[in-house]
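Some notes on the structure that comes next.
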Amino acid sequence: MAKDSSFDVVSQVDMQGMDNAVNQAMKEINQRYDFKGLVAQITLEENSLKFEAQDEYKLEAMIDVLRLKMVKCGVSLRCLTPSKIEPAAKGTVRQVMGIQAGITKEQGRDIVAAVKNLKLKVQAQIMDDQVRVSGAKKDELQKAMQLLREGDYGIDLQFINYR
């Protein structure tokens with residue numbers, strides 16, 4: 001009897017890379033002339049980023065600087081989920097961006113449906129915040145991986161535990 005092979009589809013965020021990107025962005029913002037003496041702060045929390053700025057224009061500039069640093073640190077921009085810009089004390093503005101890690105149930109269903117539509121001899125099942133794809137032939141698993149790489153599911157996908 002042939003042993004089944006499998007891999008897991010996950011969406012993970014490198015939090016060390018995110019921390020480095022935030023630190024580099026804050027360093028650049030503190031050195032820029034157009035931010036001298038103004039409120040400009042990015043705070044990395046458990047699963048979110050908190051931005052505080054003098055006005056909306058400065059807030060957008062801070063987000064652009066952070067995005068550039070995230071790309072340099074190898075962190076996907078798709079993990080950020082922005083919320084509404086809120087007014088804060090002393091005429092400043094604030095925005096919280098969530099950091100999405102893991103695959104939601106809806107995204108998991110989309111991934112499972114895409115794998116089933118391939119008509120390959122592989123099975124996909126949702127396991128908490130990841131999807132496990134298993135099958136007897138490694139070639140078919142690699143075809144499934146290729147399809148998932150080409151598809152757009154609104155998140156950045158990684159493939160782990162390939163065996």
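The values are calculated or read from the model by the stated rules, or taken from the named source; none is laboratory data. Because the structure is a prediction, the values reported are computed rather than measured. Quick reminder, even Gly has a Cβ in these numbers, built from the backbone with ideal geometry, and neighbours come from all protein chains shown.
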* To do: Mind listing just one residue for me: the one in segment 42-62 that is more than 19 Å from Met15 (Cβ to Cβ) and not charged (D, E, K, R) and, of those, surrounded by the fewest Cβ atoms within 10 Å (Cβ to Cβ)?
  => Tyr57
* To do: State whether one or more residues within segment 107-118 are under 26 Å from Thr43 (Cβ atoms) and surrounded by 15 or more Cβ atoms within 10 Å (Cβ to Cβ).
  => no
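Per-residue answers, yes or no, for (1) under 19 Å from Asp4 (Cβ atoms); (2) of a type in the set (Phe, Trp, Tyr); (3) in the same structural domain as Ala21 (by TED's automatic domain parsing):
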residue	(1), (2), (3)
Val75	no, no, yes
Ser83	no, no, yes
Lys90	no, no, yes
Arg109	no, no, no
Asp128	no, no, no
Asp139	yes, no, no
Arg149	no, no, no
* Candidates Thr104, Thr92, Thr81, filtered to the one that is closer than 30 Å to Glu140 by Cβ and of a type in the set (Ser, Thr, Tyr) -> Thr104
